[in-house]
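Right, one structure below, let's go through it.
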Amino acid sequence: MAEEPNDPTSHRPRPARPQPPRPDVVVEPLRPRQETVPSILPKIATGLWAVTTVIVLVLAAVIALNWEPVLSGVESAVSQQDSTASATDVRNTASATLLSSGAASAVLVLLGFVALNLLRGAATSSKVLMGAVGILTVGAAVTFSTFVSDAPALFGGVLQWGPFVVAATAAVATIVALLPRRSSRQ
């Protein structure tokens, strides 16, 4: 039997259909793509926080190298607050004040670096953390200056003006870290 040419059951390959021409279509985005330039603000804030850390370490070194004179100055401030306290209580309170100030400074410095690191990832909570750490650091530095106000003027009076420099650099670092970052087109 011969197959009919129009038989749908025949398995002869059919010639390939030619592909229709592709239309020339250009789609433009609604908003042009902006190339972002990395902000220098995080680097400045980190640098300022590093300066704050260095000053805190200098103050800690001055206190550690001159423990007895500094402790005597803090003891005189404590004894003025409570004249009925025994010499042992005054010494213990002064020691605890200096040691707790050092521990608080270490924690705040570390939290500052953690907050700055989180800010690079643009985490929203990092702004709250950085603001809180900045405020606490400024407050701690000013409070510490009252503790050591009666300490002797060692190394050019670094214990009198150093805490205020810490407060200032921490405040500026915090403000720079919290400034909004803008992207710009190239």
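The values are calculated or read from the model by the stated rules, or taken from the named source; none is laboratory data. Here the structure is a predicted model, which means the values were calculated and not measured. As a convention, Cβ positions derive from the backbone with ideal geometry for all residues, glycine included, and neighbour counts pool all protein chains shown. Heavy atoms of the whole protein, side chains included, go into the accessibility calculation; ligands, DNA and RNA do not. Shrake-Rupley method; radii C 1.70, N 1.55, O 1.52, S 1.80 Å.
Data for the structure
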| read-out | value |
| --- | --- |
| Residues within region 40-52 that are under 16 Å from Phe164 (Cβ atoms) and surrounded by 21 or more Cβ atoms within 10 Å (Cβ to Cβ), tallied | 2 |
| Hits in region 64-123 - residues which are of a type in the set (Val, Ile, Thr), closer than 30 Å to Ile175 by Cα and buried (at least 17 other Cβ atoms within 10 Å of the Cβ) | Thr97, Val109 |
| Total residues in region 68-120, condition at pLDDT below 85 and either basic (Lys, Arg) or outside any helix (DSSP H, G or I) (or both) | 6 |
| Region 157-186, subset open to solvent by less than 70 Å² (accessible area, probe 1.4 Å) and at pLDDT below 80, residue farthest from Pro42 (Cα to Cα) | Gly157 |
